[in-house]
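Taking it in order: structure first as structure tokens, then the write-up.
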Amino acid sequence: MGFLVALQFLTIIPSPLRREATPQEFGRSLIYFPLIGLGIGGALYGLDLLFALFLPSAIANILLLVTLVLLTGAHHLDGFIDTCDGMASGRSPQERLEIMRDSRAGSLGVIGGCCLLLAKYVSLLFLPGPLRMAGLLLMPVLSRWAMVGAIFAYPYARKGGGMGQMFKEQASWPRVTLATLIALAASLLLMRLLGLALMAAILLILILMASFLRRRLGGLSGDTYGAINEVIEVCVLVLVPLISGGYF
């Protein structure tokens, strides 16, 4: 059931699970976050091969971004926008969390979202052909792995329950380890030993970003998990060719 919960939470793909998931199932779903990411990446790479047959690369990359947003229901993108609003406003952690809870997007959040999508587009545009498989597959794998690490390693900021708190309470070393092994296997398969360097770089970025958010908010929340996912996606697209020497 953990796989179905992860599928339901991370994508808009209909799940055969017709009831509310238990807290234990939410916890088990963390194991499968990188695996769901691999499925998302596989869909993107398949479309990339298809689009390359008849579309200019600029248009194909736009369609890949649209597919990614639609496939994930813009769930993580919304969290990034809310986080931008909260980080730019409020004087106290509680005020920032309340701003992030507001369903209305502020101007800074919209600007941040536009900048994020532009960064993804440019990163895709300059992703070399030989590295497109690794980039498109590892982008959602490592970003979802980073979310699992953030959920486990950092305190939850909001009080009074919520889906994010259920994930936090059920996160454990064995589940994080299994998720890490899945991400590691994908990285080694696609980039060999360079995959280890990529994961190490992503881990460092995660620590820096999550620590900053913790200082500003007193912990992390569902919105910041989404923000971490979005930022790590961009970082993977930039780092894959950088680590592989594809820019040189």
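For the stretch 84-223, the relative contact order comes to 31 percent (Cα pairs under 8 Å, sequence separation of at least 6).
Helix 33-51 and the long axis of the chain differ in direction by around 40°, with both axes built from C-alpha atoms. Charge dipole of the chain (Cα centre as origin; +1 on each Lys and Arg Cβ, -1 on each Asp and Glu Cβ, all else neutral): 400 debye, rounded to the nearest 20.
Positive contributions from Lys and Arg (+1) and negative ones from Asp and Glu (-1), summed over other residues with Cβ under 14 Å from the Cβ of L35, come out at +3. Peptides 221-231, 183-193, 24-34, 57-67 ordered by packing proxy, namely the average of other Cβ atoms within 10 Å per residue, highest first: 221-231, 24-34, 183-193, 57-67.
Please say if the stretch 166-248 is rounded, prolate or oblate, where rounded means a/c under 1.5 for a ≥ b ≥ c the square roots of the C-alpha gyration tensor eigenvalues, and otherwise the choice is prolate for a/b larger than b/c and oblate otherwise? Oblate, since a/c reaches 1.5 and b/c is not below a/b. Would you mind checking the tilt of helix 132-153 against the longest principal axis of the Cα atoms of the chain, expressed as 0 to 90 degrees and rounded to 10? Value to nearest ten degrees: 20.
Over the chain, dividing the summed -39,500 (n - 2.57) contributions of all DSSP H runs of at least 4 residues by the number of residues returns a 222 nm mean residue ellipticity of -25000 deg cm²/dmol. By the beta-carbon count within 10 Å of each Cβ, the least crowded to most crowded order of M1, M147, fewest first, is M1, M147. Short-range pairs are left out: with C-alpha atoms under 8 Å and at least six residues apart, the relative contact order of the chain is 29 percent. Dividing the convex hull volume of the alpha-carbon atoms in the stretch 2-244 by its residue count gives 117 Å³ per residue.
Residues whose amide H lies under 5 Å from that of Y156, counting only those 5 or more places away or on a different chain, are L220; hydrogens are built 1.01 Å from N in the peptide plane.
Can you grab the distance from the C-alpha centre of the stretch 38-75 to the C-alpha centre of the stretch 100-147, Å, no decimals? Comparing the Cα centres of the stretch 38-75 and the stretch 100-147, I get a distance of 13 Å. Computed from Cα positions, the angle between helix 75-88 and the longest principal axis of the chain comes to roughly 60 degrees. What is the spin-label model distance, in nm, from L184 to R215 if the labels are put 7 Å beyond Cα along the C-beta direction? Each label point lies 7 Å from its Cα, and together they span 3.1 nm.
Every number in this text was worked out from the coordinates using simple rules, so none of it is lab data. Note that this is a predicted model, so its numbers are computed, not measured. Cβ: placed from backbone, ideal geometry, glycine included. Neighbour counts: every protein chain shown.
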